[in-house]
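K.L.:
Sharing a structure, written as structure tokens. Questions coming.
The values are calculated or read from the model by the stated rules, or taken from the named source; none is laboratory data. Owing to the predicted nature of the structure, the values given are computational and were not obtained by experimental measurement. Here the Cβ positions follow ideal geometry from the backbone for every residue, glycine too, while neighbour counts run over all protein chains shown.
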Amino acid sequence: MMRRIPALLATLVIIAAGLSAAGLLGSCQNEQELLKKKYIAEGMVLYRSQCQNCHQIDGTGFEKLIPPLTDTLYLRQNRDRLACIIRYGMDEPIVIHGQLYDQPMIGNQRLTAMEIAEILTYITNAFGNKQEMFTIEEVQRALDRCRQEQTGP
Ligand code: HEC
């Protein structure tokens with residue numbers, strides 16, 4: 001009987017450790033979800049002041065001049081480029097939803113990496129899109145890379 005008590009204790013400790021690990025995981029996920037919601041809310045405010053003029057409140061763009069932000073596949077396939085498009089602009093013919101667009105977009109150098117992460121999290125979770133949030137680190141990495149491409153190695 002006495003010898004079984006340590007084994008029982010050990011089992012309890014293992015169960016307790018398992019439960020608290022599961023709890024921790026759960027709360028991490030919640031924190032991530034909360035952060036994403038915050039980014040979407042802040043990103044919406046920034047979008048409305050910095051992007052809406054051209055891309056419109058519902059992201060549908062404007063006639064043949066401004067492309068819409070509703071092409072989920074384009075946004076996903078170009079995920080690594082989006083931060084650079086916002087900061088440095090874009091000037092190349094693109095096809096969105098089968099429509100050709102070829103007007104330049106000017107860059108916005110005033111936005112910080114965090115603001116870009118918020119805007120990108122917003123646009124990739126609005127207008128019918130639903131994608132993972134952009135972290136500041138992901139945006140910063142992308143910006144470092146495209147700055148190198150712009151200025152050369
Ligand atoms: C002055 C008008 C203007 C503003 C302001 C503007 N854009 Fe654009 N945007 C354009 C145009 C024009 C293009 C197409 C560029 C090309 O074809 O080279 C474009 C392209 C894009 C693209 C890639 C194509 C697509 O439709 O998915 C994204 C993403 C984008 N803009 C996001 C933004 C975001 C986010 C902001 C705000 C930070 C913003 N733009 C501000 C005009 C604008």
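K.L.:
Could you tell me whether Leu24 is surrounded by 10 or more Cβ atoms within 10 Å (Cβ to Cβ) and either in contact with a Leu (Cβ under 6 Å, 6 or more places away or on another chain) or within 30 Å of Leu69 (Cα to Cα) (or both)?
P.N.:
Taking the combined requirement at face value, the residue does not satisfy it.
K.L.:
Kindly indicate whether Ile86 is at pLDDT 95 or above, near the ligand (Cβ under 8 Å from one of its atoms), under 19 Å from Thr124 (Cα atoms) and aliphatic (A, V, I, L, M).
P.N.:
yes
K.L.:
Moving on to the next point. Go through segment 18-70 and report how many residues are within 16 Å of the ligand (Cβ to nearest atom) and over 21 Å from the mean Cα position of the chain (by Cα).
P.N.:
6
K.L.:
If you don't mind, another one. For segment 1-93, which helices (runs of 4 or more DSSP H) that fit wholly inside it have 3 or more residues that are within 30 Å of Arg141 (Cα to Cα) and touching a residue at least 12 places away in the same chain (Cβ under 8 Å)?
P.N.:
So the answer is 4-50, 72-77, 82-88.
K.L.:
Sort out which residues of segment 98-107 are surrounded by 13 or more Cβ atoms within 10 Å (Cβ to Cβ), part of a loop (DSSP other than H, G, I, E, B) and more than 6 Å from the ligand (Cβ to nearest atom), and write them in order of number.
P.N.:
Gly107
Residues checked against (1) closer than 28 Å to Lys37 by Cβ; (2) at pLDDT below 95; (3) not aromatic (Phe, Trp, Tyr):
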{"position": "Ile106", "(1), (2), (3)": "no, no, yes"}
{"position": "Met114", "(1), (2), (3)": "yes, no, yes"}
{"position": "Ile119", "(1), (2), (3)": "yes, no, yes"}
{"position": "Ile123", "(1), (2), (3)": "yes, no, yes"}
{"position": "Ala126", "(1), (2), (3)": "yes, no, yes"}
{"position": "Gln140", "(1), (2), (3)": "yes, no, yes"}
{"position": "Gln148", "(1), (2), (3)": "no, yes, yes"}
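K.L.:
Considering segment 108-120 alone, what residues qualify as being within 11 Å of the ligand (Cβ to nearest atom) and within 21 Å of Gln77 (Cβ to Cβ)?
P.N.:
Ile116, Ile119, Leu120
K.L.:
Could you check segment 95-128 and list, in sequence order, the residues that are closer than 18 Å to Ile66 by Cα, polar (S, T, N, Q) and within 12 Å of the chain's Cα centre (by Cα)?
P.N.:
Result: Thr124, single match.
K.L.:
Among the candidates Glu42, Glu92, Glu33, single out the residue that is among the charged types (D, E, K, R) and surrounded by 15 or more Cβ atoms within 10 Å (Cβ to Cβ).
P.N.:
Just one listed residue meets the conditions, Glu42.
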